[in-house]
Amino acid sequence: MMNTGTNRGPGFVGIRFCPECNNMLYPKEDHENRRLLYACRNCDFRQLADNNCIYVNKIMHEVDELTQIVTDVIADPTLPRSSEHSCPKCGHRETVFFQAISRRAEDEMRLYYVCTNVNCCHRFTE
């Protein structure tokens, strides 16, 4: 069980080794006492787990700039509108466009378009 008071996660969840024969320790359940142990498959060494988490899968991905655009921008009266860039998804003729601040200095200026059709709201770039 993870500690909910902090945001540090489950702590060390890496590979453990047997101090007696240097083989890898594997997670094993003590059915009788309902505890998690780490056991060596070569010798009889057993160690009580200090944490119930045996594996952590951290999913890391970069968020696409288009997914960060909120579709509420179609109601913003201060944004310019264009009838020259129709929506590639639904064919609606009017779009709202703006330039977003890029985190990377090497990126060129890019305009972002949002379809003003309330049933579509497709986000795209040129």
Q.
Any residue at all in region 42-58 that's among the basic types (Lys, Arg), modelled with pLDDT of 90 or more and farther than 18 Å from CYS120 by Cα?
A. yes
Q | Within region 46-57, tally of residues that are closer than 15 Å to PRO19 by Cα and open to solvent by less than 40 Å² (accessible area, probe 1.4 Å) | A | 1
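The values are calculated or read from the model by the stated rules, or taken from the named source; none is laboratory data. All values derive from a computational prediction rather than experimental measurement. Note: accessible area is taken over every heavy atom of the protein model, side chains too, but ligands, DNA and RNA are not part of it. Shrake-Rupley method; radii C 1.70, N 1.55, O 1.52, S 1.80 Å.
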